[in-house]
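Report on the following structure.
The values are calculated or read from the model by the stated rules, or taken from the named source; none is laboratory data. Keep in mind that this is a model prediction, so the values were computed, not measured. We place every Cβ from the backbone using ideal geometry, glycine too, and count neighbours over all the protein chains shown. In case anyone asks, the SASA skips ligands and DNA or RNA and just uses the protein heavy atoms, side chains included. Shrake-Rupley method; radii C 1.70, N 1.55, O 1.52, S 1.80 Å.
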Amino acid sequence: MTSLPIRKIGIDDRAAVTDLLVAAFDDDPWFNFVATNDAHRRQRMRRWLRRGLERKALPAGESYMTAGCEGVALWMPPGLAAGGLLDELELRMTLLRVCGLRRLRAVLAGIRVVIAAEPPAPHVELRILAVAPQSQGRGIASALVRPMLRRCDERGLGAALLCTKERNVDLYRRFGFDVVTEVHVPDGPRLWQMWRPAGA
């Protein structure tokens, strides 16, 4: 396994991290469901991923990257306050640019299905794990994930994630996650809600 220095993502890392996420999720079924597949798809994906990074992950304070930005892990700790009306309006405005007016209702319905599948117990969520395609197979995912899972075990917290590619289910099982629900997005992809109990 490669030993790499891991650090928190800062404001100045936003562009590099967004570039990595766009490359890593280029063929992802969920992100391609949200972002309309047209000549501007990568720009649409960039807008959606950058929003999640800036408005959700960075304020939560648990987002990490390797020193060379070969990989990132965006975690959401328990106890975060739900967004209010302004947050909901901002989300819809962003989605209008990402999926377009014609697909907005379907995408919002898909997001509701995903939210409904989240485990109810207090937990830490691995929102995104991404490793640059050319850097995969070097232990980067493990270096990014295991420190937080150790903290979960110490605090007696479970961890959850939504797996958006079937081939990644086995990867997450190696970290102690198991599928608890198959999520079927209407007119969209099949996803896998996964859970890791504390101490797994």
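In the stretch 5-74, the portion of solvent-accessible area held by carbon and sulfur atoms comes to 49 percent [1.4 Å probe, whole percent, DNA, RNA and ligands not counted]. Hey, for a label at Val113 modelled as a point 7 Å past Cα toward Cβ, could you say which residues of the stretch 8-46 have their backbone N under 19 Å away? Output list for this probe position: 28-37. Could you check how much of the accessible area of the stretch 122-200 is carbon and sulfur, as a whole percent, using a 1.4 Å probe? On the stretch 122-200, the fraction of accessible area on carbon and sulfur atoms equals 45 percent. The mean sequence distance of close C-alpha pairs (under 8 Å, at least 6 residues apart), as a share of the length of the stretch 1-128, puts its relative contact order at 30 percent.
Counting only protein chain heavy atoms and rolling a 1.4 Å probe, the accessible areas of Trp48, Trp195, Trp75 rank, largest first, as Trp195, Trp48, Trp75.
Placing dummy labels 7 Å off each Cα toward the beta-carbon, the span from Lys8 to Glu166 is 4.0 nm.
Note on Cys69 and Arg173: the model spin-label points, each 7 Å out from Cα along the C-beta direction, lie 3.5 nm apart.
Any chance you could give the angle, 0 to 90 degrees and rounded to 10, that helix 140-155 forms with the longest Cα principal axis of the chain? That works out to roughly 80 degrees. From its DSSP helices (H runs of at least four residues, each -39,500 (n - 2.57)), the chain gives a residue-normalised ellipticity at 222 nm of -12500 deg cm²/dmol.
Using the Cβ of Leu4 as centre and a radius below 15 Å, the other residues enclosed give a net charge of +3, where K and R count +1 and D and E count -1. Springs join every pair of Cα atoms under 10 Å in this Gaussian network model of the chain, and among Gly52, Gly176, Gly79 the largest mean-square fluctuation is at Gly79. Taking 0.36 nm per residue of separation and subtracting the current Cα-Cα distance, fully stretching the chain between Thr181 and Arg97 would add 27.2 nm. Per residue, the convex hull spanned by the alpha carbons of the chain comes to 120 Å³.
Model label points for Arg150 and Ala106, set 7 angstrom from Cα along the Cα-to-Cβ axis, are 4.5 nm apart. Surface analysis of the chain yields an accessible area of 52 Å² per residue, using protein heavy atoms and a 1.4 Å probe.
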